[in-house]
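First comes the structure, then the notes that go with it.
The values are calculated or read from the model by the stated rules, or taken from the named source; none is laboratory data. Predicted, not measured: the structure shown is a model, and the values here were computed from it. So basically every Cβ, Gly included, is an ideal-geometry build from the backbone, and we count neighbours across all protein chains shown.
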Amino acid sequence: MEFNEQLPIDIVVPIDKTTEFVDFTSKCGEKHGLQVIYFGHAGDGNTHVSIIRNGMGEMEWKKKSHGLALELYIKSHELNGLPSGEHGIGITKKEYFKKVTGEKELRYMQEIKKIFDKNNILNPEKVYC
């Protein structure tokens, strides 16, 4: 069995948009020349997507995989979804999250975080920087 690097993506869309999102994901994978595997618990709107490297060179892999990821995050936003499911944003999704989240929403999130973390000791500089 051969190991393949992958870029995991965890997106949630409204349940009635899941089929549209999966179809879009498949077409985008083909457009970018990348193998895409999707799975998960789509019954609650969560779609786990793995973009598979398949031995692609480093520069091409970074360009294509991040281009595809950005398209998927933008589409999820258009469908009133989020660039995270139950696993949260984290470091790897930070750049995408900021592209599809408005300043107003980010300020609200920062204020909510301050309620629970006045000294900013919980995951400082991770998302709300």
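From the list 78, 125, pick out the single residue that is loosely packed, with under 11 Cβ neighbours inside 10 Å, free of Cβ contacts under 8 Å to residues at least 24 places away in the same chain and charged (D, E, K, R).
Numbers: 78 fails: loosely packed, with under 11 Cβ neighbours inside 10 Å.
Matching residue, one of 78, 125: 125.
What is the residue count in the stretch 1-36 for residues that are surrounded by fewer than 19 Cβ atoms within 10 Å (Cβ to Cβ) and part of a loop (DSSP other than H, G, I, E, B)?
So the count comes out to 7.
Is it the case that residue 67 is over 10 Å from the mean Cα position of the chain (by Cα), small (Gly, Ala, Ser) and at pLDDT 85 or above?
Taking the combined requirement at face value, the residue satisfies it.
Could you figure out which of (1) touching a residue at least 12 places away in the same chain (Cβ under 8 Å); (2) under 19 Å from residue 81 (Cα atoms); (3) exposed (fewer than 12 other Cβ atoms within 10 Å of the Cβ) isn't true of residue 39?
It fails just one condition, (1).
Would the stretch 44-53 turn up any residue that is farther than 22 Å from residue 77 by Cβ and either without any contact (Cβ under 8 Å) to a residue 40 or more places away in the chain or among the β-branched types (Val, Ile, Thr) (or both)?
Initially, the stretch 44-53 is screened for residues farther than 22 Å from residue 77 by Cβ, giving 52-53.
If we keep only those that are either without any contact (Cβ under 8 Å) to a residue 40 or more places away in the chain or among the β-branched types (Val, Ile, Thr) (or both) as well, we get 52.
Checked the stretch 44-53: at least one residue is farther than 22 Å from residue 77 by Cβ and either without any contact (Cβ under 8 Å) to a residue 40 or more places away in the chain or among the β-branched types (Val, Ile, Thr) (or both).
Of everything in the stretch 8-23, what is within 17 Å of residue 84 (Cα to Cα) and modelled with pLDDT of 90 or more? Give them in sequence order. Walk me through how you get there before you give the answer.
Keep residues of the stretch 8-23 that are within 17 Å of residue 84 (Cα to Cα), which gives 8-15, 17-18, 21-22.
Passing the criteria: 13, 14, 15, 17, 18, 21, 22.
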